[in-house]
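Take a look at the structure below.
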Amino acid sequence: MESLLERTKDADLDQLVRELAARRHGNKRRGLRVRVWRMTVRGSYAAKRAIDIVGSLAGMILLMPVFAAIAIAVKMSSPGPVIFCQTRVGRYGRHFRFYKFRSMRVDAEALKADLLKKKTRASRRWGGSFGARAWTSCRSSGTCSSAT
């Protein structure tokens with residue numbers, strides 16, 4: 001069998017590419033199967049994306065009355081905007097805007113320093129732990145002191 005270099009001198013380059021492709025896929029039939037498989041996989045990704053979009057739109061339409069009730073409840077409970085917007089960091093460090101119904105005070109970001117001071121004070125009082133875990137362990141053991 002002559003070398004590939006010798007064949008490139010004499011053979012048509014297009015024919016050589018076809019032969020190399022046939023070697024790579026084994027034969028033309030296998031190459032066709034690989035192409036069909038790739039189209040099937042790409043089609044399934046497109047179908048999944050379409051189902052995701054249609055499903056999320058249907059869910060939003062069905063839940064619209066619930067969203068309206070939540071918006072009315074938030075607006076009636078306290079002054080300020082109904083929707084809270086925050087910039088968050090996502091996958092690969094990409095920043096995105098996150099919207100949700102407001103579930104806290106309007107000035108919560110401004111009160112952050114005061115809340116951190118209280119957390120430090122409570123952390124020292126509860127022995128380094130702060131939160132529900134410390135409270136439940138204290139109540140179960142009966143060693144809680146009264147709040148002063």
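Against the conditions (1) in contact (Cβ under 8 Å) with a residue 24 or more places away in the chain; (2) farther than 16 Å from ALA108 by Cα; (3) of a type in the set (A, V, I, L, M, F, W, C), MET64 satisfies every one except (1).
Taking the criterion of being of a type in the set (Phe, Trp, Tyr) and either without any contact (Cβ under 8 Å) to a residue 12 or more places away in the chain or in contact with a strand residue (DSSP E or B) (Cβ under 6 Å, 6 or more places away or on another chain) (or both), the residues of segment 68-108 that qualify are PHE84, TYR92, PHE96, PHE98, TYR99.
The number of residues in segment 79-123 that are of a type in the set (D, E, K, R), exposed (fewer than 11 other Cβ atoms within 10 Å of the Cβ) and within 23 Å of VAL66 (Cβ to Cβ) comes to 2.
Every number in this text was worked out from the coordinates using simple rules, so none of it is lab data. Model, not experiment: these values are computed from the prediction. All Cβ positions, even for glycine, are placed from backbone atoms using ideal geometry, and neighbour counts span all protein chains on display.
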